[in-house]
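One structure is given below, encoded as structure tokens.
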Amino acid sequence: MRRVLMVMLMLLGLTLGWSLPVQAAVDPAALGKAVTAIERLDQLRTGLASGVENTTTEPTLTTFKEVCAPVGQQARAIAQTNGWQVRQVAARYRNPQHQPQNLTEEAALAELAEHPQVQAFWETDDQGIHYFRRIDVQASCLVCHGARDKVPAFVKNRYPQDLAYDFQVGDLRGMYHVLIPALQMATAPLP
Ligand code: HEC
């Protein structure tokens, strides 16, 4: 609920044109679109995870695979459609592609780890505008990200460098990182 409220406030802020020092350079519609796309992406994950959690039969390899991998596919689709970069980033990653790639990502993760009340934030630099949105661990995630000895066999086989286990509910699992490149900012109409 708090999460939804924060996002709504952020969208309201974007609509009214306050609270963002960068507003003059950015099309607010692109920012709102990024927020919405990431919320949908996160809902995809939580929906799929609760499906696995509530399954009455023993989950098969296929059901196990169908939680976070589709999130990666959808992230790529969002990136392609909009001309953005969309990444999932985690200090304790399962897929090594998701480890922080630069100081910007490391600093953003540290910021979210230090301030659990911060749901998401924006940042600009010469690359463009970055949107960071936290991913917290929920009970439904523990089937695959909980105690190490309970991690499903397919994960152990497929992700030999896996670090994404032993999480507890409420831990910071990672973040989404959207980069709306500077070019789009420059061509966007001023509000
Ligand atoms: C059915 C098993 C399963 C469940 C349940 C699950 N995950 Fe994952 N998770 C995975 C796998 C497998 C990957 C690696 C996917 C890939 O290669 O992109 C992954 C990757 C991730 C990543 C990307 C970063 C990384 O470590 O590679 C995040 C973030 C993540 N999971 C968060 C969650 C959250 C939050 C939940 C609960 C809402 C959850 N997961 C539930 C299996 C699962």
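When the residues of the stretch 25-56 are filtered to those that are of a type in the set (Asp, Glu) and at pLDDT 95 or above, which remaining residue is nearest to the ligand (Cβ to nearest atom)?
Filtering the stretch 25-56 for residues that are of a type in the set (Asp, Glu) and at pLDDT 95 or above, the one nearest to the ligand (Cβ to nearest atom) comes out as 42.
Looking at residue 146, is it within 20 Å of residue 50 (Cβ to Cβ) and crowded, with 16+ Cβ neighbours inside 10 Å?
yes
Taking the options 121, 64, name whichever one is at pLDDT below 95 and among the aromatic types (Phe, Trp, Tyr).
Unique residue meeting the criteria: 64.
State all residues of the stretch 71-104 that are over 21 Å from residue 183 (Cβ atoms) and not polar (S, T, N, Q); if no residue qualifies, say none.
71, 72, 89, 90, 91, 92, 93, 94, 96, 98, 100, 103
Residues to consider are 147, 90, 153, 110; find the one that is within 19 Å of the chain's Cα centre (by Cα) and more than 9 Å from the ligand (Cβ to nearest atom).
On inspection, the qualifying residue turns out to be 110.
Would you mind finding the one in 151, 178 that is modelled with pLDDT of 95 or more and buried (at least 19 other Cβ atoms within 10 Å of the Cβ)?
Going through 151, 178 in turn, just one is modelled with pLDDT of 95 or more and buried (at least 19 other Cβ atoms within 10 Å of the Cβ): 178.
The values are calculated or read from the model by the stated rules, or taken from the named source; none is laboratory data. Computed from a predicted model, the values in this text were never measured in an experiment. Every residue, glycine as well, gets a Cβ built from its backbone with ideal geometry; the counts of neighbours run over all protein chains shown.
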